[in-house]
1. How far is it, in nm, from the label point at Arg85 to the one at Ala193 when both lie 7 Å from their Cα along the line to the Cβ?
2. Between Glu221 and Asp124, how high is the FRET efficiency from 1/(1 + (r/R0)^6) when r is the Cβ-Cβ distance and R₀ = 30 Å? Nearest 0.05.
3. What Rg and what Dmax come out for the range 166-289 when only alpha-carbon atoms are used, in angstroms?
4. For the range 28-72, what is the convex hull (Cα atoms) projected area averaged across all directions, in square nanometres?
5. Report, as a whole number in µm² per second, the diffusion coefficient that Stokes-Einstein gives for the range 191-234 at 4 °C and 1.567 mPa s using the Kirkwood radius over alpha carbon pairs.
6. What length, rounded to one decimal in nm, is gained on full extension from Arg258 through to Asp134, with 0.36 nm per residue of separation minus their alpha-carbon distance?
7. Taking 0.36 nm per residue of sequence separation and subtracting the Cα-Cα distance, how much length would be gained by fully extending the chain between Glu182 and Ala245, in nm to one decimal?
8. Mind checking the log10 I(q)/I(0) for the range 45-130 at q = 0.11, 0.21 Å⁻¹? Debye, one equal scatterer per Cα, no solvent, two decimals.
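What follows is calculated from the coordinates using simple rules that are stated; it is not laboratory data. From a predicted model like this one, the values you see are computed outputs, not experimental measurements. Neighbour counts run over all protein chains shown; Cβ positions are idealised from the backbone, glycine included.
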Amino acid sequence: MRKIPGTLVLLAALLAPAAGAGGGAELRRAARMLSNRDPAVRRRGLGLLAGSRDRSSLLLILRALGDRDPEVRSAARRLLAGRRRPAELALVRSRGLSNRDPRVRLACYRHLLRGASPGTGAEDLLEKALSDRDPGVREAAAGLVHRSGGRGPSLRAAAVLRGREGRPRAEALRALLVLDPEAARSVAPPLLADRSMECRVAALRVLAGGPRGRARAALLEALDDESWSVRVAAIRLLSGLREPAAVPALIRRLARERGRVKHEAGSALAALTGVALPPDAGPWARGWAGARAGFRVPGRPPVPAPQPPA
């Protein structure tokens, strides 16, 4: 017979008196079933908790939110959805949000935020989720910010701009780009000067999908960035935009770059011009001097004339 993990048995034994003798026995049985190797047995163990509203059963549900089986986790989330008494929400906040498993924390954030209204601590919860140590929780928090709707653009910006670490801000910005492109483009410009390389790259990718003039200016300026990763991102984005103004700028970069960045610049020039030359500034500068007049990127349609504002 498989030995029952001591944590679950001890948890049930300590908390059982609050549920009464009969309830305690049922709780211990549920705890044993939740430690079984068979996910079907664990799901039945959760079923024993369906009619219980005491503290101990809620702790077992919180534990099941991190189960290795997705169906068990789903069953635990369904049970959790009905636990919305003040004491239950307080326990979810104190024990669920401090759980080591990011799946448990994320499920608890979603539970606490469901139906929450401004002024009830929802903003603080979102801020906490945005600084979670797990990138998956932080990225999901950006979606929660987006869906918070009436809580305003300042909180949406917080998904990108708060905190000291660059990687969470970059991840949040990428998530926000999918959820709300306009909001992402509105908060991206300050990140072009961020100390984090990841943030600067993410901001460039966001702006590259927006108005062409702003994208061109940001990408051309990023060619001088101190980080080679940012310069490579800018080169690739300029090539993808089929931007004619990139040609002379990339030729100038050839004279200053080495290694991978120089190779990227040469590849981008070949793609933009349709000409195959070595990645050296001399041949490209001479070729550009005779071709710049009337130059158009091969395969790129003429840019339409700007329309007057309505």
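1. For Arg85 paired with Ala193, the spin-label model returns 5.4 nm.
2. Working: r = 37 Å, r/R0 = 1.23.
The formula returns an efficiency of 0.20 here.
3. 14.8, 46
4. 2.7 nm²
5. Working: Rh = 10.0 Å.
Rounded to a whole number, D works out at 130 µm²/s.
6. Values: separation 124, 0.36 × 124 = 44.64 nm, distance 3.60 nm.
So the chain would gain 41.0 nm between Arg258 and Asp134.
7. 20.2 nm
8. Normalising to I(0) and taking log10 leaves -0.27, -0.96.
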